[in-house]
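Q: Take a look at this one; I'll ask things after.
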Amino acid sequence: MDCVFCKIVSGEIPAQVVYEDTVSMAFKDANPATPVHLLVVPKKHADSLADTGDLTEAELGHLLKVAAHVATDAGVGDNFRLLINTGEGAGQSVFHLHVHVLGGKRMGRLIG
Ligand code: 5GP
Ligand code: ZN
(Lines give C-alpha, C1' and ligand atoms only; values in the text may rest on other atoms or scores of the structure.)
(Ligands and ions follow the chains in the order given, each with its own letter.)
Protein backbone atom coordinates (compact mmCIF):
# COMPACT_ATOMS: atom_id res chain seq x y z
CA MET A 1 0.00 0.00 0.00
CA ASP A 2 1.32 3.41 -0.93
CA CYS A 3 0.73 5.19 2.37
CA VAL A 4 3.12 7.88 3.54
CA PHE A 5 2.39 7.34 7.24
CA CYS A 6 2.84 3.56 6.95
CA LYS A 7 6.22 4.36 5.41
CA ILE A 8 7.09 6.63 8.35
CA VAL A 9 6.01 3.89 10.79
CA SER A 10 8.19 1.32 8.98
CA GLY A 11 11.14 3.73 8.80
CA GLU A 12 11.10 3.74 5.01
CA ILE A 13 10.85 7.52 4.98
CA PRO A 14 12.27 9.71 7.75
CA ALA A 15 10.34 11.79 10.25
CA GLN A 16 11.11 13.62 13.46
CA VAL A 17 9.66 11.02 15.80
CA VAL A 18 8.89 12.29 19.30
CA TYR A 19 7.17 9.21 20.76
CA GLU A 20 6.68 5.56 19.90
CA ASP A 21 5.12 2.52 21.53
CA THR A 22 3.72 -0.78 20.29
CA VAL A 23 0.42 0.78 19.16
CA SER A 24 1.29 4.30 18.06
CA MET A 25 3.87 6.74 16.85
CA ALA A 26 4.01 10.53 17.08
CA PHE A 27 6.12 12.77 14.86
CA LYS A 28 6.41 16.41 13.86
CA ASP A 29 4.20 17.59 11.02
CA ALA A 30 6.33 18.39 7.96
CA ASN A 31 4.39 21.61 7.35
CA PRO A 32 3.53 22.92 10.81
CA ALA A 33 0.46 25.12 11.19
CA THR A 34 1.33 26.09 14.77
CA PRO A 35 4.64 26.27 16.72
CA VAL A 36 3.88 22.80 18.11
CA HIS A 37 2.30 20.59 15.47
CA LEU A 38 2.57 16.86 16.01
CA LEU A 39 0.77 13.94 14.42
CA VAL A 40 -0.22 10.84 16.38
CA VAL A 41 -0.87 7.77 14.24
CA PRO A 42 -1.74 4.16 14.93
CA LYS A 43 0.96 1.81 13.67
CA LYS A 44 -1.75 -0.35 12.12
CA HIS A 45 -3.15 1.26 8.99
CA ALA A 46 -6.69 2.63 9.11
CA ASP A 47 -8.00 4.99 6.45
CA SER A 48 -9.77 7.49 8.67
CA LEU A 49 -12.03 7.90 11.68
CA ALA A 50 -14.90 6.96 9.37
CA ASP A 51 -13.18 3.68 8.50
CA THR A 52 -11.10 2.53 11.44
CA GLY A 53 -10.57 -0.96 10.02
CA ASP A 54 -9.47 -3.42 12.71
CA LEU A 55 -8.38 -0.83 15.25
CA THR A 56 -9.90 -1.59 18.63
CA GLU A 57 -11.62 0.94 20.86
CA ALA A 58 -8.69 0.61 23.25
CA GLU A 59 -6.24 1.44 20.48
CA LEU A 60 -8.31 4.42 19.39
CA GLY A 61 -8.51 5.69 22.95
CA HIS A 62 -4.77 5.16 23.33
CA LEU A 63 -4.17 7.72 20.58
CA LEU A 64 -5.82 10.39 22.75
CA LYS A 65 -3.68 9.49 25.75
CA VAL A 66 -0.56 9.66 23.59
CA ALA A 67 -1.70 13.00 22.13
CA ALA A 68 -1.96 14.49 25.62
CA HIS A 69 1.38 12.95 26.59
CA VAL A 70 3.28 14.37 23.61
CA ALA A 71 1.59 17.77 24.09
CA THR A 72 2.90 17.79 27.67
CA ASP A 73 6.38 16.72 26.56
CA ALA A 74 6.35 19.55 24.01
CA GLY A 75 5.52 22.04 26.78
CA VAL A 76 1.92 22.76 25.75
CA GLY A 77 0.12 20.29 27.99
CA ASP A 78 -2.22 22.94 29.41
CA ASN A 79 -3.24 24.50 26.08
CA PHE A 80 -3.49 22.34 23.01
CA ARG A 81 -6.01 21.37 20.38
CA LEU A 82 -6.62 17.98 18.79
CA LEU A 83 -7.94 17.75 15.27
CA ILE A 84 -8.93 14.72 13.21
CA ASN A 85 -9.83 15.68 9.66
CA THR A 86 -12.09 12.97 8.30
CA GLY A 87 -12.75 12.80 4.57
CA GLU A 88 -11.50 14.92 1.71
CA GLY A 89 -14.33 17.40 2.16
CA ALA A 90 -13.18 18.05 5.73
CA GLY A 91 -9.56 18.59 4.77
CA GLN A 92 -8.11 15.10 5.12
CA SER A 93 -5.18 14.74 2.72
CA VAL A 94 -3.38 11.68 4.12
CA PHE A 95 -5.65 8.65 4.38
CA HIS A 96 -3.99 7.03 7.36
CA LEU A 97 -5.84 8.00 10.54
CA HIS A 98 -3.98 10.70 12.46
CA VAL A 99 -4.59 13.09 15.31
CA HIS A 100 -3.15 16.59 14.90
CA VAL A 101 -1.76 18.02 18.15
CA LEU A 102 -1.67 21.80 17.80
CA GLY A 103 -0.28 24.26 20.31
CA GLY A 104 2.25 26.92 21.12
CA LYS A 105 0.10 29.86 20.12
CA ARG A 106 -3.21 31.28 21.18
CA MET A 107 -6.02 29.75 19.12
CA GLY A 108 -9.47 31.21 18.72
CA ARG A 109 -12.64 29.28 19.26
CA LEU A 110 -13.75 27.34 16.19
CA ILE A 111 -17.40 27.04 17.17
CA GLY A 112 -19.80 28.68 19.55
P1 5GP B 1 -4.59 16.00 6.95
O2 5GP B 1 -4.64 17.12 5.94
O3 5GP B 1 -4.74 14.66 6.27
O4 5GP B 1 -5.47 16.18 8.14
O5 5GP B 1 -3.12 16.07 7.56
C6 5GP B 1 -2.01 15.54 6.92
C7 5GP B 1 -0.81 16.21 7.53
O8 5GP B 1 0.32 15.42 7.22
C9 5GP B 1 -0.53 17.62 6.98
O10 5GP B 1 -0.55 18.55 8.06
C11 5GP B 1 0.85 17.48 6.33
O12 5GP B 1 1.64 18.62 6.55
C13 5GP B 1 1.42 16.24 6.99
N14 5GP B 1 2.32 15.46 6.14
C15 5GP B 1 2.08 15.06 4.87
N16 5GP B 1 3.12 14.33 4.41
C17 5GP B 1 4.01 14.26 5.45
C18 5GP B 1 5.29 13.62 5.59
O19 5GP B 1 5.83 12.97 4.68
N20 5GP B 1 5.92 13.76 6.79
C21 5GP B 1 5.37 14.47 7.82
N22 5GP B 1 6.08 14.56 8.95
N23 5GP B 1 4.15 15.08 7.72
C24 5GP B 1 3.50 14.98 6.55
ZN1 ZN C 1 -1.02 3.78 6.35
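Q: So what is the relative contact order of the stretch 1-68, in percent, for Cα pairs below 8 Å that sit 6 or more residues apart? Each step should come with its number before you reach the end.
A: Details: 70 pairs, mean separation 16.3, N = 68.
This gives 24 percent for the stretch 1-68.
Q: I want to check the label-to-label distance for residue 10 and residue 33. Put each point 7 Å from Cα in the C-beta direction and report it in nm to one decimal.
A: 2.8 nm
Q: How long are the three semi-axes of the equivalent ellipsoid for the chain, computed from the Cα gyration tensor as the root of 5 times each eigenvalue, in whole Å, largest first?
A: Working from the Cα gyration tensor, I get semi-axes of 21, 16, 14 Å.
Q: Using a 1.4 angstrom probe on the protein heavy atoms only, could you order 25, 1 from most to least accessible area?
A: Ranking 25, 1 by accessible area, largest first, yields 1, 25.
Q: Let me ask something additional. Report, in deg cm²/dmol and to the nearest 500, the calculated mean residue ellipticity at 222 nm for the chain, where each DSSP H run with n ≥ 4 adds -39500 (n - 2.57) and the sum is divided by the residue count.
A: It lands at -6500 deg cm²/dmol.
Q: Please identify, among 93, 48, 24, the residue showing maximal mean-square fluctuation in a Gaussian network model of the chain using a 10 angstrom Cα cutoff.
A: Its mean-square fluctuation being the largest, the pick is 93.
Q: I need the phi-derived Karplus couplings for the stretch 7-24: 6.51 cos²θ - 1.76 cosθ + 1.60, θ = phi - 60°, integer Hz, Gly and Pro marked x.
A: 5, 5, 4, 7, x, 5, 10, x, 7, 8, 7, 10, 7, 7, 9, 5, 9, 9
The values are calculated or read from the model by the stated rules, or taken from the named source; none is laboratory data. Remember, it's a predicted structure, so these values are computed and weren't measured experimentally. Note that each Cβ is placed from the backbone with ideal geometry, even for glycine, and that neighbours are counted across all protein chains shown. The area values use the complete protein model at the heavy-atom level, side chains included, leaving out ligands, DNA and RNA. Shrake-Rupley method; radii C 1.70, N 1.55, O 1.52, S 1.80 Å.
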